[in-house]
Ligand SMILES: [Zn+2]
């Protein structure tokens, strides 16, 4: 990964090579005005949503007139900059080069529980004719497993317990508490619907451990949200 623009956002080198693609996983130093004021991106319209930890997906054909609610955005149009805000949750980008399309997804444990990334792959397939094995996926900065403790309620809420339990590691000496591998289970879900391992890239850091990120777990309610964005210039 590369940290750009005075450490304001991370980019994935393999995605940087894709012609006309614009993307970034923001640090706490990236603000909406940085994006709006950037000369190279003046033709883009920033689209953000009210995130509700759902499996609601929007296909954006034009910038919406009012703010939508949901947790995933897909577009096949140029000059639409999709954005997702996170602080410990996992931001996921999808890129298809033929046909051209991008998606930005917000995955916390609730979205993961609903199989959100799998539903995004399915939606890109049935609405835009994109094959899962042609998708390039980037998993952004999120809280790492050993920094993400959850209770029995979270673990037992997952469908297919036999598979899901692999991603919950019991906390030593703390009954009913587990360390949850949010990134691991999302990677598993992607592979399960036909995304290829060689096409999945990951920004490996921990938002809770690294101070350049906002962390809901570390900062509690005082925290802000990082802006993650992706779009196409043609
Ligand atoms: Zn950590």
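A few points about this structure:
- Beta bridge orientation in the chain: antiparallel %, DSSP, nearest 5: 75 percent
- Relative contact order, whole percent, for region 1-146 stands at 18, derived from Cα pairs under 8 Å and 6 or more residues apart.
- Antiparallel DSSP beta bridges within region 102-217, percent to nearest 5: 60 percent
- Degrees, to the nearest 10: 116-128 long Cα axis against longest axis of the chain: 30 degrees
- Cα pair distances exceeding 23 angstrom across region 12-120, given as percent: 25 percent
- When the inverse distances between all different Cα atoms of the chain are averaged and flipped, the Kirkwood radius reads 17.9 angstrom.
- Look at the Cα gyration tensor of region 1-69: its axes a ≥ b ≥ c give a/c of at least 1.5 with a/b over b/c, and that counts as prolate.
- Where a label projected 7 Å from the Cα of residue 133 along Cα→Cβ would reach, residues of region 159-201 with amide N under 16 Å: 191-200
- Comparing 36, 182, 65 in a Gaussian network model of the chain, where Cα atoms under 10 Å apart are tied by springs, the biggest mean-square fluctuation is seen for 65.
- Cα coordinate range in region 149-234, projected on the principal axes (Å, largest first): 52, 38, 19
- For region 73-187, the extents of the C-alpha atoms along the principal axes are 52, 27, 18 Å, listed from largest to smallest.
- Using alpha-carbon coordinates, inclination of helix 182-192 to the longest axis of the chain, degrees: 70 degrees
- Fewest-first ranking of 166, 77, 33, using other Cβ atoms within 10 Å as the exposure measure: 33, 166, 77
- One Cα centroid belongs to region 133-179, the other to region 28-68; the line between them spans 29 Å.
Read-outs throughout are calculated quantities, based only on the coordinates presented, and are distinct from any laboratory measurement. Source: prediction; values computed, not measured. Neighbour counts are summed over all protein chains in view; Cβ atoms, including those assigned to glycine, are modelled from backbone coordinates with ideal geometry.
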